[in-house]
Amino acid sequence: MGYHVFRKGLALLTAGLMLSSAAVYAPLPADAEGNLISNGTFDSSVSGWGTYKESGGAATLTADNGRLALNVTNTGTKNYAVQVYYDIIPMYQNGVYHLSYEISSSVDRYVEGLIQLNGGNYQAYTWKGLNITSEPLTVDYTFTMKYETDIMAKFLFNCGDTGTELPEHTIYLDNVVLELVDDSQVEYDAFMPYEPDIMTNQVGYKPESEKIAVFRNVTDETEFSVVNADTKKTVLTGMLYGETEYPGADETDFYGDFSDVTEEGTYYITCGGLDDSYTFTVGDGVYDSLLDDSVRMLYLQRCGEAVEDDDFGHAACHTGLAKVYGTNETIDVSGGWHDAGDYGRYVVPGAKSIADLLYAYAAAPELYSDHIGIPESGNGVPDVLDEVRYELEWMLKMQAESGGVYHKVTCENFPGYVMPQFETGQLIATPVSTTATADFCASMAMGYEFYYDIDRTFAETCLAAAEKAWAFLEENPDLIFDNPEDITTGEYGDSSDRDERYWAAAQMYRATGEEVYKTAFDAMIVCRGMDWTTVGDYGNIAILTMDGIDKTSTAYKKCLNSVTSQAKKLAGSVEEHPYGISVTSFNWGSNMTIANAGVILGLGYELTGNSEYSKAAESILSYLLGRNPNGVCYVTGYGTVSPQNPHHRPSMAMKQSMKGMLVGGVNQNLDDSAAKAYLASVPAAKRYVDHSESYSTNEITIYWNSPLTYLLSLTETEEDVWQPGDVNADGTFSIADAVLMQKFLLGQKELVNQKAGNVCEDYDINVLDLSVMKEMLRK
Ligand code: G3I
Ligand code: 9MR
Ligand code: ZN
């Protein structure tokens, strides 16, 4: 956030007048009013209702003359072998509910109508055993919810086995009404997550970093203090400034700049009647263990070998052969990392992780130790490289004879919430795609480069595989992946493989220096992106950070322009945003999008020396680590409040949150049932719930973690990598820089890289610098 730059002075002047219009944000429970069943009359459909069948049960569901009709052809062997249900009902403890419906059946039979916990011990909150006939029975009663609040309860009828054999028959349901009629005894607050008034990065700040806290629920406060948590002494007092409406979070925000707190220590912020902030640390090594854990998490995601860890250790998993989809061929594709909260292994997202981690390492090798606690620790190779190699070794197995690369290996469906060794279904390698093949090609080219001095044989293997993949790409213009009908695991689909090919060409050129790749790359129009669908920026990074690259070449210039123009735009968005990030709409995995922007800004800083970019990158890091509308540090095990219930099978199975994982974060689209239940009435920028069923906000992935690692690397590098005098930040010092300098001094233009303009290295930029620059040009 750059508010302080122009608003600080103003704030000091107006501080006394700042009677706030801050909206005190108190979320209301989702959908607690009116009929909780959105479709209870079945006028035209049974939408919202579904069936569950097991143990031989068989039934179909339709709307029949304005009634729900469940045609039961087999009652199965259990009372719940056939169910008709309505999901996600908010049931508040001590709430009084009124339930009514009409039910009948074409044959006389017994059914059970209940509302229950959907999982665990399936506790019934209300239950009625009913003998029904062809004459509609009206059920109408009031009950009190005695159990703990459950806003994802399930209303259902058990229509399975009754102990007597029944012929095929139809059960009819109509006029279903469920209302919360008395909520006077409901303590809504009791289950609402606490929302802090003062948000900071909960992990901490480096001494020299800009430090800005966000304040909300401000009434008449004007001043804040930073207090040393150990001595309880106030170390800084400052004024709130920058009152900003943030409709996205339905709140009014103020800011406090405490950048002047540079002494190592643990602090918190106080501000009048607001709740104190959580504590945070200022110090040089604040992110050290976070960086290590962000990498070690990948070790814990390893597949195909026994993992050793006190909490998450497990026997080797997924060691069986995989069937090549649609054939009888079986192949060994063991190894690699589990993608996410599920145990699939997918090439496309794996490649993103590899790129992030290797470039993270290249940006600041000194940060990566050989003792983060993986089996290879102490082998003389930085652990991050050992870890990435584990994924590369797996990827090598994913290459088919043709040179093309299988898109993914998973079972047909996602597994239950078990540790990985208990997912034992048939593994399936799904068809080759050109997105996977190009991503593979780029990854292997990186493998060649990064392991060349460590293990020549492995490096050569990587290059050979990359070349084979390239040859395949040349012959196969477009094989885009869609999930086959019978496979429901992650798709990682794409509409175009253009950016993947762009990245592959750049990386192949960088690895080999060969003209063919350069020619191919030069012919491609510039691409962007670093999520899994778009990877163009990895191509740009490959060129921009390539040893000995000709900075006057067209290739270099197109990449430079792409990255710096993105950085410029992103820095502007960060500056504008109430919480200092670049996104305004939040989709699945928004924390990755946010972290990726931080990476581009970090790179932008390295390329141009524009400190607005590095500040913006750090601002983004602060958002991820706690300075956000939810007041949550989105990395498990860090900060004061972090996700306790990630959608992550090992964490769910072991009933504890694995450390060092970045969750997906806010997703305004309500893409899962928990999000629908908990977040429907929550403003867009706060739609995150720490619930293990919320895979669209609270899952983790290897490729959400890796940009965090990369961002940490970039915010830790302090060396100036630009050239003195290169004020237009095009990578070289030339006459064009002197011209820009002249215009700057005349007040006509801005310098892109301020620091590079101070060639005299004195207190400011003036004519003296210009004359030195002219001298430099003469030499
Ligand atoms: O980009 C669009 C945006 O323009 C649009 O406004 C918005 C509205 O729906 O959607 C946005 O796209 C979303 C996309 O993620 C990017 O955020 C899609 O809706 C959303 O469905 C999609 O979600 C993906 C999800 O799989 C479902 O396909 C996630 O990106 C992706 O990370 C996730 O990946 C899963 C794997 O399949 C399986 N393993 C776990 C992993 C993480 O959840
Ligand atoms: O666990 C799955 C998670 O990894 C995926 O990201 C998500 C979306 O594809 O799906 C999760 O699996 C759920 C499935 O989509 C729907 N049924 C329940 C599954 C577990 O929550
Ligand atoms: Zn596994």
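Take the residues of the range 729-750 that are under 17 Å from Thr608 (Cβ atoms), modelled with pLDDT of 90 or more and touching a helix residue (DSSP H, G or I) at 6+ places or on another chain (Cβ under 6 Å): which is surrounded by the most Cβ atoms within 10 Å (Cβ to Cβ)?
Of everything passing the filter in the range 729-750, Met741 is surrounded by the most Cβ atoms within 10 Å (Cβ to Cβ).
Among the listed residues Ile594, Ile620, Ile600, identify the single one that is within 24 Å of Ile212 (Cα to Cα), in a helix (DSSP H, G or I), touching a residue at least 12 places away in the same chain (Cβ under 8 Å) and within 12 Å of ligand 1 (Cβ to nearest atom).
Only one candidate qualifies: Ile594.
Please name all residue pairs, on different chains or six or more residues apart, with Cβ atoms under 6 Å, provided the first residue is in the range 679-692 and is over 20 Å from Leu624 (Cβ atoms) and the second residue is part of a loop (DSSP other than H, G, I, E, B).
Ala680/Ala30; Ser681/Leu28; Ser681/Ala30; Ser692/Asn645
Among the listed residues Thr434, Thr461, Thr489, Thr457, identify the single one that is in contact with a Ser or Thr (Cβ under 6 Å, 6 or more places away or on another chain) and not charged (D, E, K, R).
Result: Thr489 is the single residue among Thr434, Thr461, Thr489, Thr457 that is in contact with a Ser or Thr (Cβ under 6 Å, 6 or more places away or on another chain) and not charged (D, E, K, R).
Residues in the range 732-754: is at least one closer than 30 Å to Val348 by Cβ, more than 16 Å from ligand 2 (Cβ to nearest atom) and out of contact with any His (no Cβ under 9 Å at 6 or more places or on another chain)?
Checked against the condition, which is being closer than 30 Å to Val348 by Cβ, more than 16 Å from ligand 2 (Cβ to nearest atom) and out of contact with any His (no Cβ under 9 Å at 6 or more places or on another chain), the range 732-754 yields no hits at all.
Please verify whether the range 760-779 includes one or more residues that are among the hydrophobic types (A, V, I, L, M, F, W, C) and within 29 Å of Val641 (Cβ to Cβ).
no
Residues are listed down the side, and each one gets a yes or a no for (1) out of contact with any Phe, Trp or Tyr (no Cβ under 7 Å at 6 or more places or on another chain); (2) without any contact (Cβ under 8 Å) to a residue 40 or more places away in the chain:
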site	(1), (2)
Met530	no, no
Asp537	yes, no
Lys557	yes, no
Gly572	yes, yes
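Okay, residues lined up against (1) under 39 Å from the mean Cα position of the chain (by Cα); (2) at pLDDT 95 or above:
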{"residue": "Val96", "(1), (2)": "yes, yes"}
{"residue": "Gly113", "(1), (2)": "no, yes"}
{"residue": "Asn121", "(1), (2)": "yes, no"}
{"residue": "Ala124", "(1), (2)": "yes, yes"}
{"residue": "Thr133", "(1), (2)": "no, yes"}
{"residue": "Tyr141", "(1), (2)": "no, yes"}
{"residue": "Thr149", "(1), (2)": "yes, no"}
{"residue": "Val177", "(1), (2)": "yes, yes"}
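Being in a loop (DSSP other than H, G, I, E, B) and within 16 Å of ligand 1 (Cβ to nearest atom) narrows it down to one residue among Gln748, Gln723, Gln668; which is it?
Gln668
What number of residues within the range 692-712 are out of contact with any His (no Cβ under 8 Å at 6 or more places or on another chain) and either outside any helix (DSSP H, G or I) or more than 14 Å from ligand 1 (Cβ to nearest atom) (or both)?
6
Look through the range 388-445, keep the residues that are of a type in the set (Gly, Ala, Ser) and surrounded by fewer than 20 Cβ atoms within 10 Å (Cβ to Cβ), and return whichever of them is nearest to ligand 2 (Cβ to nearest atom). Walk me through how you get there before you give the answer.
As a first pass, look at the range 388-445 and keep what is of a type in the set (Gly, Ala, Ser): 400, 402-404, 416, 425, 429, 433, 436, 438, 442-443, 445.
With the extra rule that they be surrounded by fewer than 20 Cβ atoms within 10 Å (Cβ to Cβ), the set shrinks to 400, 402, 416, 425.
Working: Ala400: 25, Ser402: 29, Gly416: 8, Gly425: 15 Å.
That would be Gly416.
Regarding Ile549, is this residue crowded, with 17+ Cβ neighbours inside 10 Å and modelled with pLDDT of 95 or more?
no
Within the range 376-409, can you find the residues that are of a type outside the set (Ser, Thr, Tyr), assigned to a loop (DSSP other than H, G, I, E, B) and more than 16 Å from ligand 3 (Cβ to nearest atom)?
Hits for the range 376-409 are Glu376, Gly378, Asn379, Gly380, Val381, Pro382, Ala400, Glu401, Gly403, Gly404, His407.
Taking the condition within 16 Å of ligand 1 (Cβ to nearest atom) and aromatic (Phe, Trp, Tyr), does Trp588 pass?
Yes.
Name the one entry in Leu321, Leu300, Leu291 that is at pLDDT 95 or above, more than 16 Å from ligand 3 (Cβ to nearest atom) and of a type in the set (A, V, I, L, M).
Matching residue, one of Leu321, Leu300, Leu291: Leu291.
How many of the residues in the range 649-663 are touching a helix residue (DSSP H, G or I) at 6+ places or on another chain (Cβ under 6 Å) and either assigned to a loop (DSSP other than H, G, I, E, B) or within 16 Å of ligand 3 (Cβ to nearest atom) (or both)? Steps first, please.
If we filter the range 649-663 for residues that are touching a helix residue (DSSP H, G or I) at 6+ places or on another chain (Cβ under 6 Å), which is where we start, we get 657-663.
In the following step, the residues that additionally are either assigned to a loop (DSSP other than H, G, I, E, B) or within 16 Å of ligand 3 (Cβ to nearest atom) (or both) were identified as 657-661.
Total meeting the criteria: 5.
Which pairs turn up if I take residues in the range 745-774 that are more than 12 Å from Asp726 (Cα to Cα) and touching a residue at least 24 places away in the same chain (Cβ under 8 Å) and look for partners that are of a type in the set (A, V, I, L, M, F, W, C) and loosely packed, with under 13 Cβ neighbours inside 10 Å with beta carbon separation below 9 Å, at least 6 apart in sequence or on another chain?
Leu745/Val767
Please enumerate the residues belonging to the range 109-146 that are in a loop (DSSP other than H, G, I, E, B), in contact with a strand residue (DSSP E or B) (Cβ under 9 Å, 6 or more places away or on another chain) and under 23 Å from Gln93 (Cβ atoms).
Leu117, Asn118, Gly119, Tyr122, Gln123, Met145, Lys146, listed by residue number.
Given the conditions (1) surrounded by 20 or more Cβ atoms within 10 Å (Cβ to Cβ); (2) part of a loop (DSSP other than H, G, I, E, B); (3) away from ligand 2 (no atom under 14 Å from the Cβ), which single one is not true for Ser681?
Among (1) surrounded by 20 or more Cβ atoms within 10 Å (Cβ to Cβ); (2) part of a loop (DSSP other than H, G, I, E, B); (3) away from ligand 2 (no atom under 14 Å from the Cβ), Ser681 violates only (1).
Just checking, which of Glu761, Glu775 is of a type outside the set (Val, Ile, Thr) and assigned to a loop (DSSP other than H, G, I, E, B)?
Glu761
Give me the strands (runs of 3 or more DSSP E) completely within the range 265-370, filtered to those with at least 2 residues that are more than 25 Å from the chain's Cα centre (by Cα) and within 30 Å of Asn630 (Cα to Cα), ordered by residue number. Step through it out loud before you land on a result.
Working: elements: 265-270, 280-282, 322-324.
Correct list: 265-270.
Scanning for something within 16 Å of ligand 3 (Cβ to nearest atom), out of contact with any helix residue (DSSP H, G or I) (no Cβ under 6 Å at 6 or more places or on another chain) and either within 19 Å of Lys468 (Cα to Cα) or not in a helix (DSSP H, G or I) (or both), does the range 520-542 turn up at least one residue?
no
Among the residues of the range 309-328, which ones are touching a strand residue (DSSP E or B) at 6+ places or on another chain (Cβ under 7 Å) and without any contact (Cβ under 8 Å) to a residue 12 or more places away in the chain?
Of everything in the range 309-328, just one residue is touching a strand residue (DSSP E or B) at 6+ places or on another chain (Cβ under 7 Å) and without any contact (Cβ under 8 Å) to a residue 12 or more places away in the chain, namely Gly313.
Which residues, taken from the range 65-94, are over 40 Å from the mean Cα position of the chain (by Cα) and either more than 20 Å from Gly40 (Cα to Cα) or not aliphatic (A, V, I, L, M) (or both)?
Asn65, Gly66, Arg67, Asn71, Val72, Thr73, Asn74, Thr75, Gly76, Thr77, Lys78, Asn79
The values are calculated or read from the model by the stated rules, or taken from the named source; none is laboratory data. Bear in mind the structure is a predicted one, so any value in this text is a computation, not a measurement. With ideal geometry, Cβ positions are generated from the backbone for all residues, glycine too; neighbour counts draw on all protein chains shown.
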